[in-house]
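Everything on this sheet refers to the single structure shown next.
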Amino acid sequence: MRDARAVPPAIDLPALNAQLRALDARARVERAAQLLPGPQILSSSFGAQAAVSLHLVNSVLPGIPVVLIDTGYLFPETYRFADQLAARLRLDLRIYRPEASPAWIEARHGKLWEQGAAGIERYNRIHKVEPMQRALAELGAGTWFAGLRRTQARTRAAIEPVERLGPGRYKVHPLFDWSDRDVYEYLKRHELPYHPLWERGYVSIGDWHTTRPLGEAGDDAEGTRFFGLQRECGLHLIGAGR
């Protein structure tokens, strides 16, 4: 992995994005790793199609730390899926959790996810955003790879291959322009699994208490999370717009 001290301080972000748009996903990871500061990390929720980014990035950057935010409320299937993929792909899995236990947080604040939009926002700050910020800081991450795609949600429709999160830190989306078909073909080609809840209609998988399958939530995939009140949990808004 490239040493951050060897990277020039000024990066022409529009030029880099233009360059990466013209490459395939694997080449994007390779080029970003060459040009952007280290250390590099990869985040994953181990959701419906997570095996793609885990396999792709780890094959280019073997042993890259993989950050999973364990809220304490993931589906049992998600924990087992994480174990399965971590063993199969030989991932360097780093688990980050809220500073207090879920039971202690509930004792202090009640079931925040039942307290409307404001409660959900507070829940996400405590259970997801703060642990991710801590992971970035403790791992000294200069480049953060994530599996976001434009087709996943309206809030992601304009993402670019690379965004600047702040001084000396960048976020890379190698799959930003992939379709569901691209994902399916990659999984099939490499004999990788979907999340086990995929077959039960779960197209976006987070915590058990705020995730619904299609059908229960109507036909809108974005409505399957957070009772339709919002789509993003805040993890991928860290540093946005800087």
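General observations
- Relative contact order, percent, segment 4-237 [alpha-carbon distance under 8 Å, six or more residues apart]: 24 percent
- Candidate lysines - alpha carbon under 20 Å from K128, same-chain residues fewer than 8 apart omitted: K111, K171
- The 3J(HN,Hα) values that the Karplus relation (6.51, -1.76, 1.60; θ = phi - 60°) gives for segment 116-125 are, in residue order, x, 4, 5, x, 5, 4, 5, 4, 5, 4 Hz. Gly and Pro appear as x.
- Working note: Karplus 6.51/-1.76/1.60 with θ = phi - 60° gives segment 156-168 the couplings 10, 5, 10, 5, 9, x, 9, 10, 8, 8, x, x, x Hz, where Gly and Pro are set to x.
- For segment 1-110, trypsin sites (Lys or Arg not before Pro) are listed when DSSP marks them as loop and at most 12 other Cβ atoms sit within 10 Å of their Cβ; the list is R90.
- The smallest convex shape that holds all Cα atoms of segment 4-237, its convex hull, gives 122 Å³ per residue.
- Of the residues F145, F75, the one with the fewest other Cβ atoms within 10 Å heads the list, and the complete ranking is F75, F145.
Quick note: the coordinates plus some simple rules give every number you see, no bench work behind them. Computed from a prediction, not measured in an experiment: that's the story for all the values here. Positions of Cβ are generated from backbone atoms using ideal geometry, with glycine treated the same way; all protein chains shown enter the neighbour counts.
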